[in-house]
1. State all residues of the range 94-107 that are open to solvent by less than 50 Å² (accessible area, probe 1.4 Å) and free of Cβ contacts under 8 Å to residues at least 24 places away in the same chain; if no residue qualifies, say none.
2. Which of the residues that make up the range 26-44 are of a type outside the set (S, T, N, Q) and either open to solvent by 100 Å² or more (accessible area, probe 1.4 Å) or farther than 28 Å from N77 by Cα (or both)?
3. Mind checking which pairs have a first residue in the range 47-62 that is more than 14 Å from S36 (Cα to Cα) and a second that is β-branched (V, I, T) and outside any loop (DSSP other than H, G, I, E, B), Cβ under 8 Å, 6 or more apart or different chains?
4. Looking only at residues in the range 62-83 that are assigned to a helix (DSSP H, G or I) and open to solvent by 70 Å² or more (accessible area, probe 1.4 Å), which one is nearest to S96 (Cα to Cα)?
5. Scan the range 6-60 residue by residue and report those that are of a type in the set (S, T, N, Q) and over 30 Å from A124 (Cα atoms).
6. When residues of the range 36-57 are filtered for being among the small types (G, A, S) and part of a loop (DSSP other than H, G, I, E, B), how many remain?
7. Hey, can you tell me all the residues within the range 45-59 that are surrounded by 14 or more Cβ atoms within 10 Å (Cβ to Cβ) and closer than 24 Å to R91 by Cα?
8. How do the pairs read when you match residues in the range 79-92 that are touching a residue at least 40 places away in the same chain (Cβ under 8 Å) with residues anywhere that are of a type in the set (A, V, I, L, M, F, W, C) and surrounded by fewer than 16 Cβ atoms within 10 Å (Cβ to Cβ), using Cβ under 6 Å and keeping only pairs 6 or more apart or on different chains?
Amino acid sequence: MRMSMFGLGEDPNKVKNIVNNNRDRFQALYRHTIQSCGVLQANCDLTSFEQDMSSSGRRLLVDGIPDAVKPRQQNLNTIELGKQVQHNISRLVNKSSWAQACKGIVSAGVMKSVVYTAHKISKAIRARV
């Protein structure tokens with residue numbers, strides 16, 4: 001929800017910062033999955049990847065997408081497929097984000113929620129400068 005508030009609600013580098021500051025943990029967590037998925041070739045320290053872009057390689061990736069975000073229409077080109085998956089993920093995240101925001105307002109109160117939101121927007125603006 002904060003990401004959709006006029007584009008100001010979150011540090012645009014948040015994910016990058018989290019990954020960069022925890023690279024070793026992410027590598028340990030995902031090493032086996034990446035090495036066994038069959039469509040990615042990674043260098044030994046998992047810092048660069050080459051993806052199998054053949055139709056069978058792409059099909060394998062699409063088949064592995066969770067049903068909640070998998071496009072209903074299967075005969076999409078790569079660009080349309082990516083847009084549809086991104087849309088489905090955004091819809092799923094926004095739904096839970098709005099529910100969490102409403103719970104926060106109820107549990108913390110309107111004033112604390114306004115102060116918290118203003119702080120997050122201010123932090124995001126500083127991150128952009």
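1. Residues of the range 94-107 that are open to solvent by less than 50 Å² (accessible area, probe 1.4 Å), as a first pass: 97, 99, 101, 104.
Those that are open to solvent by less than 50 Å² (accessible area, probe 1.4 Å) and free of Cβ contacts under 8 Å to residues at least 24 places away in the same chain: A99, G104.
2. So the first thing to find is which residues in the range 26-44 are of a type outside the set (S, T, N, Q), and the list is 26, 28-32, 34, 37-40, 42, 44.
Across the range 26-44, the qualifying residues are F26, A28, L29, Y30, R31, H32, C44.
3. What qualifies is R58/T78.
4. First, pick out the residues of the range 62-83 that are assigned to a helix (DSSP H, G or I): 62-63, 78-83.
After this cut, where a residue has to be open to solvent by 70 Å² or more (accessible area, probe 1.4 Å) as well, the list is 63, 78-80, 83.
Numbers: D63: 25, T78: 27, I79: 26, E80: 25, K83: 20 Å.
Going through the qualifying residues, I end up with K83.
5. Here is the first cut: in the range 6-60, the residues of a type in the set (S, T, N, Q) are 13, 17, 20-22, 27, 33, 35-36, 41, 43, 47-48, 51, 54-56.
Of everything in the range 6-60, those that are of a type in the set (S, T, N, Q) and over 30 Å from A124 (Cα atoms) turn out to be T33, Q35, S36, Q41, N43, Q51, S54, S55, S56.
6. Step one: filter the range 36-57 for residues among the small types (G, A, S), giving 36, 38, 42, 48, 54-57.
Subset that is part of a loop (DSSP other than H, G, I, E, B): 38, 48, 54.
Looking only at that region, the number is 3.
7. R58
8. The qualifying pairs do not exist here.
The values are calculated or read from the model by the stated rules, or taken from the named source; none is laboratory data. Computed from a predicted model, the values in this text were never measured in an experiment. Positions of Cβ are backbone-derived with ideal geometry, glycine not excepted, and every protein chain shown enters the neighbour counts. Remember, those area values only see protein heavy atoms, side chains included, never the ligands or the DNA or RNA. Shrake-Rupley method; radii C 1.70, N 1.55, O 1.52, S 1.80 Å.
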